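What follows is one structure encoded as structure tokens, with my remarks underneath.
Taken together, the values in this text are just the output of simple stated rules run on the coordinates, not laboratory data. None of the values given here were measured: they were computed from a predicted structure. Here Cβ is always computed from backbone atoms with ideal geometry, including for glycine, and neighbour counts include all displayed protein chains.
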Protein chains: 2
Amino acid sequence: MNYSPQNPKWSGRDRFVLSNGHACALQYTMLHLAGYNISLDDLKNFRQIDSITPGHPEVGVTDGIEVSTGPLGQGISNAVGLAIAETNLAARFNKPGFKVIDNFTYVICGDGCLQEGVSGEASSLAGTLGLGKVIVLYDDNNITIDGGTDLSFTEDVLKRYEAYGWHTQSVNNGDSAEIGDMRAAVKNAQEVTDRPSMISIKTVIGYGAAKQGTAGVHGAPLGDADIKKVKADFGLNPEASFEVPAEVTSFYSEVQEKSKATYEAYETMFKAYTAAFPTESAELTRSMAGKLPEGWASKLTKYTPEDKTLATRQSSQQVLSKLVDAIPELIGGSADLTPSNLTKVEGNKLDYSKDSRDGRYIRFGVREHAMCSISNGICAYGGSVPFAATFLVFAGYALGAMRLSALSHFRVLYIYTHDSIGLGEDGPTHQPIETLISLRSIPNMTVMRPADANEVTGAYVQALENAHGPTVLALSRQGCVNLPGSSAEGVAKGAYVVEDATGPLDVVIVASGSEVQLSVSASAELKAKGVSVRVVSFPCWSLFEKQSAEYKSSVFPNGIPVLSVEAASTFGWAKYSHGSIGMTSFGASGKGPALMAHFGFSVENVVAKAQKLIETYKRAAPSLERPF
Amino acid sequence: MNYSPQNPKWSGRDRFVLSNGHACALQYTMLHLAGYNISLDDLKNFRQIDSITPGHPEVGVTDGIEVSTGPLGQGISNAVGLAIAETNLAARFNKPGFKVIDNFTYVICGDGCLQEGVSGEASSLAGTLGLGKVIVLYDDNNITIDGGTDLSFTEDVLKRYEAYGWHTQSVNNGDSAEIGDMRAAVKNAQEVTDRPSMISIKTVIGYGAAKQGTAGVHGAPLGDADIKKVKADFGLNPEASFEVPAEVTSFYSEVQEKSKATYEAYETMFKAYTAAFPTESAELTRSMAGKLPEGWASKLTKYTPEDKTLATRQSSQQVLSKLVDAIPELIGGSADLTPSNLTKVEGNKLDYSKDSRDGRYIRFGVREHAMCSISNGICAYGGSVPFAATFLVFAGYALGAMRLSALSHFRVLYIYTHDSIGLGEDGPTHQPIETLISLRSIPNMTVMRPADANEVTGAYVQALENAHGPTVLALSRQGCVNLPGSSAEGVAKGAYVVEDATGPLDVVIVASGSEVQLSVSASAELKAKGVSVRVVSFPCWSLFEKQSAEYKSSVFPNGIPVLSVEAASTFGWAKYSHGSIGMTSFGASGKGPALMAHFGFSVENVVAKAQKLIETYKRAAPSLERPF
């Protein structure tokens, strides 16, 4: 493997992913030996608060860790993303004689990773895409936590991977001191460049321990006596802990020298590349640093009420169309809902495929979970800004990967359309009710539900400017008129006054997405009845939470009752409102507008509820009462 | 197929699942022709509010629909559950000469279902379990919404299914009027009883239409002219709509007669079975009706503070141990976390497997999503109460299936342990922060986080008594002392006073799970300082919401500030509390107690925050102010 302990983020490095992250003690130890910034003390602090050696590998915490693994199936799926990024950047930046992007992606995984559906999805796609530089070493030890794999995992794994179009090999002596067979298999795998490679390596879990070959060594320590025996059997000092034999130190010194030479050769090559192709070099350096091109947002325009009413998925298409041109590293696609998500535009019309590595549109297939996990991998590689699209409700298929985007501080754009019952006839299986809430409750996940085209613009700007976390754009199938008071700048604050009253307020109506236009219509009717109403558009809760107390109170003034209107679960709205119009059940199959009216999203109902709320709070004694 | 349109819930029927639920217009039409309670008017009302012909099949809405499908991959995975239930009940109830349980499970699915990871997980397990009566007809039409399958799905599907241990066949003339090949393949599949069967049937999408063979006929109507042409080409009246040719009506009359005869033969057999085996017959009839055995809860005991402190996962093990004995239809298992979830007890020590169909413990493997989807299938079959176990955080892998449990009104028990940062060293990838919130926001999903053994008992009682929806039991790895004031009856109300003050209240502390004991400890310290404190245990939000306004106000009295303490996201707590101690970030790797203290779950912090809250509300003008 090529790597540089001194510059762990060296873009020429091979990527290594420990998909069975629970085995990270080994990885930390190898990183220590290889010269990374992990001391013996760090190893001793394994699994302690604030250590750089947590219980599962975490990107950003430990040098040499590419992605956060542990939830099974993610690492191998991330690797597919790492390889997509590599091949795509190679196609864009390499020049004859200058392979500035050229690395393998190695994965170690166990039975657990291969049982998880997400790995199957990602592996099938990797086969279609012919990602020949992915090499998976499968620790085939026949044991999972519950016991032998005969309990639940009797399939022929290599045959399955052959069916996916992978190159497969078997090594039967994974525990032997003779590692020549493994080396040879890896060499073969490196030479097969048109297909990803899977090498099954037969091993015995806890090899050499008293309980070897049983589930008993999976999660529990061996015990002192057995540890001593194992150490002695392998020629180590049984009484010593955290002692590296001189022989090992000396071996790794040599390895480190070799690594350094490789690294320096690359640096020399990159200097020559920079001299020959200064534009490309600057561009690659910029994008690998996670910086967007100068002036990327300059082509975005302001919409006015005279502009055509669009569904926000359509506004998204218009905005995305400009962004794809302005930001060459924007790459992504849909989980087989391209014509619905509207994520394919002129600038990304070329698909990324086996035959067109420079394509910028990824056909993920009907594989939401892998799509998100792969997007994490693309982001982890550096140099790309990935987006992933499906229906909002199918976030429920992919939360395992999406929470890792947030935990890993990955800038992934989730373009999720069909945001509510407003999608209509597909019915409750396709209508998100709880999904917005689920996503809003994930730390470091920014969730946007824009009300019109200006807010869609603002949502994209916020999403792209946030280099340290993912953003969900919840977009409508239903039309959203362009509001006179909407603005991209308002979106930056999370919530803002989109229409105000002149005199002292009777009530504030707060809404998101398509319910903002409804609230504006209701406000007109209320004003005609002499009620003083303010309408607040609330596209993003987490951005609002970051505002000053002064700003928050200026939007929701003290003592004024607030009514929330959102075609989603009312869960969580009590923080901001005293009454809510929202969903308290699943949706139904029917025409979108009919459903909206059926579930109370009508001017009539908003007006009635607002009036009732005003009355309630006139009558109620001022108190700490909660709005049960 | 065996079925009875007059008694759609006939337990002897073959089960049919349309996994690609978007094709349900065809299923509704077939149900109409077969004599089910679906009229031509119902067919005309396709996809309208309150019709029995919604946009995707929904169990409980339409006779003849076994499971709700549409989210791809679910139906075929449900089918694995239907077959597990069938084989298990057959082993328990059939007697020589009396196959009272004996049916096939047929599935139609498309490319989309087979791309989804959940179907891979379920199919791999089906292979291990040798579910020979599952027969999948794969509509192999090479088209998905985005276009041809060459874009993203080039794998060899049949080879993959062979690798899973399935019997596979190919039929190349799926569009031909000559259906003999299909019949023969199904007959072969029926005869292979040791392995599930997959039959790939080559078809042309939109066969006969102008746009046949393209993605263009997937989601959009053909257009009037083309519809007329297709009708004419197939010998129908091009001008007529919703007209059933006499020939078809007559054919289906014959089919209906045959079905009736089969049904009546079964009924006769079942009468003889009842005479010969009255106990078994009554037991089968009871469990198929979804009723629990008389007195099932009688063995459950009350815990006292003198009883040993247990993690709630350990109390769960004790309770489950009694329930498994009391409720023979309780069947389930873990996604390879049995030693952690503690779901295997004496009464279910026999694994359900190929060789022991009467086993009651299911080894799901590392397959959370399939586990939940399979559990839905087990419930859908009738006669069983399924449970499914994993770590709480991995609900994020399975929400796609879990929301369908809720939508389908299925009684599935989700036994999810390792409920918080309290799990310790595994770190943030394994520590749920947002998961409780995600689950609480799903309509008809009951979420329980019990505080001690009595509450665990209460949580199981509520979960089992609710025949119309799933329940999540969020259980701890950390120890929970048995509280003097806890009770199973309190759990039934969602929230209740677990420790009270004598005089007028200064503050209410509300908590769930292991934070109740913390709150009780903090309360002792506050009382020593002269503060009048009430502690409320709040195991279940949705049950509390169902209580009367009087009861709610009796728990949270008007005008008294409330502090919530829960080792999860504070999201949503503003509905009940004026201040919160909770998580606003991901967790960390470290010892459980150290992490709890680190993130503010200490007596000291609870006392300080409670005092601060009392002060704040003494100073604050009574108002509608929100606690930003």
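Do you know the relative contact order of the range A:458-503, to the nearest whole percent, from alpha carbon pairs under 8 angstrom that are 6+ apart? After rounding, I find 46 percent. Between copies, B:Glu254 shows label-point distances of 8.3 nm, shortest first, with the point placed 7 angstrom from Cα along Cα to C-beta.
Using the Karplus relation 6.51 cos²θ - 1.76 cosθ + 1.60 with θ = phi - 60°, the per-residue 3J(HN,Hα) values for the range B:476-481 come to 8, 8, 7, x, 10, 5 Hz, with x marking Gly and Pro.
Distance from the C-alpha centroid of the range B:122-141 to that of the range A:58-97: 34 Å, rounded to the whole angstrom. Think of it this way: in chain A, A:Cys24, A:Cys372, A:Cys379, A:Cys480, A:Cys540 stand alone, with no other Cys Cβ under 4.7 Å. Between copies, A:Ala232 shows label-point distances of 9.3 nm, shortest first, with the point placed 7 angstrom from Cα along Cα to C-beta. Under a 5 Å amide H cut-off, with hydrogens placed 1.01 Å from N, B:Thr168 pairs with B:Met198 among residues at least 5 apart or on other chains.
With R₀ fixed at 22 Å, the C-beta to C-beta distance from A:Leu236 to A:Glu257 puts the FRET efficiency at about 0.35. Cβ-Cβ distance of B:Lys349 and B:Lys95, R₀ of 30 Å, FRET efficiency by 1/(1 + (r/R0)^6): the value works out to about 0.75.
Taking a Cβ cut-off of under 15 Å around A:Gly81, the surrounding Lys, Arg, Asp and Glu residues balance to a net charge of +2, with basic ones at +1 and acidic ones at -1. Under the simplified labelling scheme, the A:Ala225-B:Asp224 pair shows an inter-label distance of 8.9 nm, with each label point 7 Å from Cα along Cα→Cβ. In sequence order, the range B:327-344 has phi-based couplings of 10, x, 8, 6, 9, x, x, 10, 7, 6, 10, 3, x, 9, 7, 6, 9, 9 Hz under the Karplus curve 6.51 cos²θ - 1.76 cosθ + 1.60, θ = phi - 60°, and Gly or Pro positions carry x.
Most simply put, the range B:492-619 has about 20% antiparallel DSSP beta bridges, counting only bridges with both residues inside it. With the label put 7 angstrom out from Cα along the Cα-to-Cβ vector, B:Gly180 ends up 6.0 nm from the copy partners, going from closest to farthest. A simple spin-label model places pseudo-atoms 7 Å from Cα toward Cβ; at A:Thr304 and A:Glu525 they are separated by 3.0 nm.
Distance from the C-alpha centroid of the range A:410-437 to that of the range B:1-44: 29 Å, rounded to the whole angstrom. Checking the cross-link pairs A:Lys211/B:Lys591; B:Lys299/B:Lys552; A:Lys133/A:Lys231; A:Lys552/A:Lys618; A:Lys299/A:Lys349 against a 28 Å limit on the alpha carbon distance flags B:Lys299/B:Lys552; A:Lys133/A:Lys231 as lying beyond it.
Here the protein assembly as shown is assigned +1 on the Cβ of each Lys and Arg and -1 on the Cβ of each Asp and Glu. Its dipole about the Cα centre then comes out at about 1920 debye. Residue exposure proxy: B:Thr343, A:Thr29, B:Thr446, ordered by other Cβ atoms within 10 angstrom of their Cβ from fewest to most, comes out as A:Thr29, B:Thr446, B:Thr343. Near A:Thr144, the amide H atoms lying under 5 Å from its own belong to A:Thr149; only residues 5 or more places off or on other chains count, and H is placed 1.01 Å from N.
Note on the range A:409-449: semi-axes of the ellipsoid equivalent to its C-alpha gyration tensor, largest first and rounded to whole Å, are 23, 11, 7.
Only four residue types carry charge here, +1 at the Cβ of Lys and Arg and -1 at the Cβ of Asp and Glu. Report the dipole size of the range A:135-261 about the Cα centre in Debye, rounded to the nearest 20.
Details: 12 positive and 20 negative charges, 35 e Å.
Taking the Cα centre of the range A:135-261 as origin, the dipole is about 160 debye.
In terms of its C-alpha gyration tensor, chain A comes out prolate, because a/c is 1.5 or above and the ratio a/b outweighs b/c. Since only B:Asn454, A:Asn173, A:Ser39 are under comparison, the one whose Cα sits farthest along the positive direction of the charge dipole of the protein assembly as shown, derived from C-beta charges on Lys, Arg, Asp and Glu, is B:Asn454. A Förster radius of 41 Å, combined with the Cβ-Cβ distance separating B:Glu247 from A:Thr584, puts the computed FRET efficiency at roughly 0.25.
The overall shape of the protein assembly as shown, judged from the alpha-carbon gyration tensor, is rounded, with an a/c ratio under 1.5.
Each label point was placed 7 Å from the Cα along the Cα-to-Cβ direction; for A:Arg286 and B:Gln6 their separation is 7.7 nm. Remark: relative contact order (the range B:492-619) = 28 percent; criterion is Cα-Cα distance under 8 angstrom and separation of 6 or more residues. Working value for the range A:486-564: equivalent-ellipsoid semi-axes of 20, 15, 9 Å, each the square root of 5 times a Cα gyration tensor eigenvalue, largest first. Of all DSSP beta bridges located in the protein assembly as shown, what percent are antiparallel, nearest 5? The antiparallel fraction comes to roughly 15 percent. The charge dipole of chain B, taken about the Cα centre with unit charges on the Cβ atoms of Lys, Arg (+1) and Asp, Glu (-1), comes to about 1440 debye, rounded to the nearest 20.
For B:Val510, the residues whose modelled amide H falls within less than 5 Å of its own, excluding neighbours fewer than 5 places apart on the same chain, are B:Val536, B:Leu563, B:Ser564, B:Val565. The residue among A:Ser438, A:His369, A:Thr471 whose Cα reaches farthest toward the positive pole of the charge dipole of the range A:310-480, with charges on the beta-carbon of Lys, Arg, Asp and Glu, is A:His369.
Of the residues B:Ile227, A:Ile143, the one with the fewest other Cβ atoms within 10 Å heads the list, and the complete ranking is B:Ile227, A:Ile143. Residue order for B:Ile433, B:Ile362, fewest other beta carbons within 10 angstrom first, comes to B:Ile433, B:Ile362.
For the rotational copy relationship between A and B, the axis lies nearest to a chain A beta carbon, identified with its distance in whole angstrom as A:Gly117, 1.
Projecting the Cα atoms of B:Gly592, B:Ser554, B:Trp541 onto the charge dipole of the range B:507-627 (Cβ charges, centred on the Cα centre) puts B:Ser554 farthest toward the positive pole. Per residue, the average separation of C-alpha pairs within less than 8 Å and at least 6 apart gives chain A a relative contact order of 11 percent.
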